[in-house]
Amino acid sequence: MTRSKQVGNHKNDKKKNIAKTWKTKRRVKDIDQIHEDMRPENAGRLLKQEIDYDVPGNAQHYCLHCARYFVDLKTLKEHFKTKVHKRRLKQLREEPYTQEEAERAAGMGSYRPPKQIQVQTQEVEME
């Protein structure tokens, strides 16, 4: 029999639950959080950020749909052509899950298929 998670670390007692750190190491935003970011008031704020030296590209080159920062404009434009970005656009076409939809699934209403949202790659300013 094997254990499902590793609890301790012999060399370093400060890391008690290693399995949790493995699961959350590369945590990215969920689809519903990105839908919130795509609203016009939030999108404008995210695309025009102040300079932040802790983030790649000083937070000046940001992909709104993938929630990723890029080093320069060329890298951002190359990212728009990749499979990763195109798959994310396809995921974002479906309307986010709501509490009303959960209630309809539980039998408190009639089923309605999720709406399709028109999502396009963001416009990039030339520098």
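Every number in this text was worked out from the coordinates using simple rules, so none of it is lab data. Note that the coordinates shown come from a computational prediction; the quantities given were computed from them, not determined experimentally. When we count neighbours, we look across all protein chains shown, and the Cβ atoms used for this are built from the backbone with ideal geometry, even at glycine.
Among the residues of the stretch 30-56, what is the count of those that are part of a loop (DSSP other than H, G, I, E, B) and either in contact (Cβ under 8 Å) with a residue 12 or more places away in the chain or among the aliphatic types (A, V, I, L, M) (or both)?
Number satisfying all stated conditions: 4.
Assess whether residue 125 counts as being over 21 Å from residue 26 (Cβ atoms), of a type in the set (Asp, Glu), outside any loop (DSSP other than H, G, I, E, B) and without any contact (Cβ under 8 Å) to a residue 12 or more places away in the chain.
Here the answer is no, as residue 125 does not meet what is asked.
So, in the stretch 31-62, of the ones that are in contact with a Phe, Trp or Tyr (Cβ under 6 Å, 6 or more places away or on another chain) and of a type outside the set (A, V, I, L, M), which residue ends up nearest to residue 98 (Cα to Cα)?
Ranking the candidates gives 62 first.
Checking the structure you have, find out if any residue of the stretch 119-127 is of a type in the set (S, T, N, Q) and farther than 20 Å from residue 66 by Cβ.
No, there is no match, as no residue in the stretch 119-127 is of a type in the set (S, T, N, Q) and farther than 20 Å from residue 66 by Cβ.
Can you run down the residue pairs with Cβ atoms below 9 Å, 6 or more apart or on separate chains, where the first is in the stretch 72-88 and more than 18 Å from residue 31 (Cα to Cα) and the partner is outside any helix (DSSP H, G or I) and of a type in the set (Asp, Glu)?
Matching pairs, first to second residue: 73/125; 73/127.
Run down 76, 47, 92 and say which single residue is surrounded by 15 or more Cβ atoms within 10 Å (Cβ to Cβ), among the aliphatic types (A, V, I, L, M) and out of contact with any His (no Cβ under 8 Å at 6 or more places or on another chain).
47
Would a scan of the stretch 57-64 turn up a residue that is loosely packed, with under 13 Cβ neighbours inside 10 Å and either in contact (Cβ under 8 Å) with a residue 24 or more places away in the chain or farther than 20 Å from residue 119 by Cβ (or both)?
Looking for residues that are loosely packed, with under 13 Cβ neighbours inside 10 Å and either in contact (Cβ under 8 Å) with a residue 24 or more places away in the chain or farther than 20 Å from residue 119 by Cβ (or both), one finds none in the stretch 57-64, hence no.
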